[in-house]
Amino acid sequence: MPNLVAVIMAAGKGTRMKSKLPKVMHLLAGKTLLEHVIGAVNQVGIERPLVIVGHGREVVEASICERTEVVVQTEQLGTGHAIMQALPYLEGVQTVLVLSGDQPLLKPETLHALIKLHETQGVSATVLTAYLDQPFGYGRIIKSGESLVKIVEEKDATLAEQQIKEINTGTYCFRGSALRDALTKITPQNAQGEYYLTEVFDIFLRQGEKMQTYRTADSHEALGINSRGQLAEAEAVFRTRIREHWLSEGVTLIDPASTFIDAEVELASDVTILPFTRLLGKTRIEENAVIGPQTSLENCTVGCGSEVIYTVAKDAVIGERCHIGPFAYLRPGTKLEAEVKVGDFVEIKNSWLETGAKVPHLSYIGDAHIGKSANIGAGTITCNYDGVNKHLTKIGDYAFIGSNTNLVAPVEVGEHAVTGAGSTITKNVPAEALAVERCQQVIKEHWYRKKMK
Ligand code: UD1
Ligand code: MG
């Protein structure tokens, strides 16, 4: 049996969120609330925490089953009842770290300090607390001198107790044997008719067991998400943390306030992010790249020295020294090698463009492979869809596609081949050939005057 086990409570409905989605599945900086808590637990060396699931369990379970041990709480009868479900996993465990899946701002260093303090003091329980100017809604910490006496929930608190600003964050360390024993004794005799985990402190007090508090200096860590307002508040705090982190890592943010960077984004030093830019999901930006203004990249990679301006991209790979935008739209499966240019009003989907290829203006490139240094003239369209299936367009190295060419896929244009402007290409074009598909131009001299007569 391991000495230290973490239990994360995530079975509650989150009624105050007014959502069909279980509360812990709401996103904060691109990761679910629960993933944030699991991440913090992982960072203190606990690889597989127990997670109590219940409300919306299929959705919650599907998102975490690989990284956790899932325990089901069929009826949500309170936080004490939630932990009771984990009892079979806590036999012989020395220290139990209990957390709430709705407390995403908790820092690993705080958890580490909490565990250390708990284990060195040899107490039955250590509660992580915080001072809040507006403690409404949280359990209050009642002390006698410096000793913890009990935790009173908002709804059970007297007016005097409601004035207390030290609150229960919902994160605790317990001596395993003491927790197991106390859980058999709690009852739902309170304002909400629930089994409160916090009642174990009343039991500890009665039994004369030692308990203590550990107060975090960063009160933001206490933020428990019960409402959309609290979710927005946590998002703002977390986004600020992320910006401060990247600023300290050598990234330039011209306007931090209008720059949104998700939790899992990676930025190299000397990256510059211009205003009104969102970097989402698992996006990675290499050195000296300049992103923005007004750019949104989701799960994209951008190579060294590339420039991406006024662009929307998702699941796209952009190589080194590329120029993208303004007003480009890169869709999933786009792979651009080095020094590719994608200019204004160009959409690219599921296509591979080799080094030096250029699509400078007004094009749709879908399901295509474009060779090295090929030039795609303004207005070129790959007609990739026949109404049933998608087909491939292949353009060889150094090919020159004239403006407004329609490439009716499946079709291939060979190396160094040229297509005449305005052509609709339905047959393969051999290497080094010119393909023109156009009616002959007819000139009718003095047509205007004749018509006017
Ligand atoms: C709880 C604490 C309160 C503390 C606050 C911190 C209790 C009784 N109260 O209140 O002292 O200040 O957290 O945010 O513990 N859950 C289950 N099963 C249940 C009920 C809840 O798994 O039957 C889970 C929820 O999904 C949530 C967590 O436990 O992740 C906390 O529950 P919540 O209802 O948010 O408790 P609070 O009212 O916030
Ligand atoms: Mg809560």
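Restricting the stretch 1-31 to trypsin sites (Lys or Arg not before Pro) that sit in a DSSP loop and have at most 15 other Cβ atoms within 10 Å of their own Cβ leaves Lys13, Lys18, Lys20.
Looking at this model, which pairs from Lys13/Lys150; Lys394/Lys444; Lys314/Lys394; Lys31/Lys143 are more than 30 angstrom apart at the alpha-carbon? The answer is Lys394/Lys444; Lys31/Lys143.
Say R0 is 25 Å: what FRET efficiency, to the nearest 0.05, do Glu47 and Glu109 get from their beta-carbon distance? So the FRET efficiency works out to roughly 0.85. Counting every other Cβ atom within 10 Å of each residue's Cβ, Cys300, Cys65, Cys383, Cys439 order from fewest to most as Cys439, Cys65, Cys383, Cys300. Given R₀ = 25 Å, what would the calculated FRET efficiency be for Cys439 paired with Lys390, taking r from the Cβ atoms and rounding to 0.05? For R0 = 25 Å, the calculated efficiency reads 0.25. When DSSP beta bridges are restricted to pairs lying wholly in the chain, around 20% turn out antiparallel.
Each principal axis of the Cα atoms in the chain has its own extent, and those three values, largest first, are 108, 50, 42 angstrom. Based on Cα contacts under 8 Å between residues 6+ apart, the stretch 173-270 shows a relative contact order of 15 percent. The charge dipole of the stretch 4-222, taken about the Cα centre with unit charges on the Cβ atoms of Lys, Arg (+1) and Asp, Glu (-1), comes to about 180 debye, rounded to the nearest 20. How high is the relative contact order of the stretch 228-435? Use alpha-carbon pairs under 8 Å, at least six apart in sequence, and give a whole percent. The value is 9 percent. The charge dipole of the stretch 228-435, taken about its Cα centre with unit charges on the Cβ atoms of Lys, Arg (+1), Asp and Glu (-1) only, comes to about 500 debye. For the stretch 72-84, backbone phi angles converted through the Karplus equation (6.51, -1.76, 1.60; θ = phi - 60°) give residue-by-residue couplings of 9, 10, 5, 10, 8, 9, x, 5, x, 5, 4, 5, 4 Hz, Gly and Pro being listed as x. Using a cutoff of 8 angstrom between alpha carbon atoms and counting only pairs six or more residues apart, the relative contact order for the chain works out to 8 percent.
For the stretch 130-189, the set of chymotrypsin sites (Phe, Trp or Tyr not before Pro) satisfying both a DSSP loop assignment and a count of at most 13 other C-beta atoms within 10 Å is given as Phe136. Exposure proxy ranking for Leu97, Leu362, Leu106, based on other Cβ atoms within 10 angstrom of each Cβ and starting from the fewest, stands as Leu362, Leu97, Leu106. Taking 0.36 nm per residue of separation and subtracting the Cα-Cα distance, full extension of the segment from Glu266 to Ile142 would add 40.3 nm. Taking the alpha-carbon centroid of each part, what is the distance from the stretch 1-50 to the stretch 174-220 in angstrom? So the separation of the two Cα centres works out to 21 Å. Full extension of the chain segment joining Lys453 with Ala191 gains 84.7 nm, where the gain is 0.36 nm per residue of separation less the Cα-Cα distance. The calculated 222 nm mean residue ellipticity attributable to helices in the chain amounts to -5500 deg cm²/dmol, summing -39500 (n - 2.57) over DSSP H runs of n ≥ 4 and dividing by all residues. Shape class for the stretch 1-129: prolate, because the ratio a/c of the largest to smallest gyration tensor axis (alpha-carbon atoms, square roots of eigenvalues) is 1.5 or more and a/b beats b/c.
Net charge in the neighbourhood of Asp270 (other residues with Cβ under 13 Å of its Cβ; Lys, Arg +1, Asp, Glu -1) is -3.
Among the GluC sites (Glu not before Pro) found in the stretch 82-185, those both in a DSSP coil and sparsely packed, with 13 or fewer other Cβ atoms within 10 Å of their Cβ, are Glu91, Glu146.
Applying 1/(1 + (r/R0)^6) with r as the Cβ-Cβ distance of Glu233 and Ser177 and R0 = 51 angstrom yields a FRET efficiency of 0.85.
Taken together, the values in this text are just the output of simple stated rules run on the coordinates, not laboratory data. In this text the structure is predicted, and so the values were computed from the model without any measurement. Counting neighbours? That spans all protein chains shown, and the Cβs are built from the backbone with ideal geometry, glycine included.
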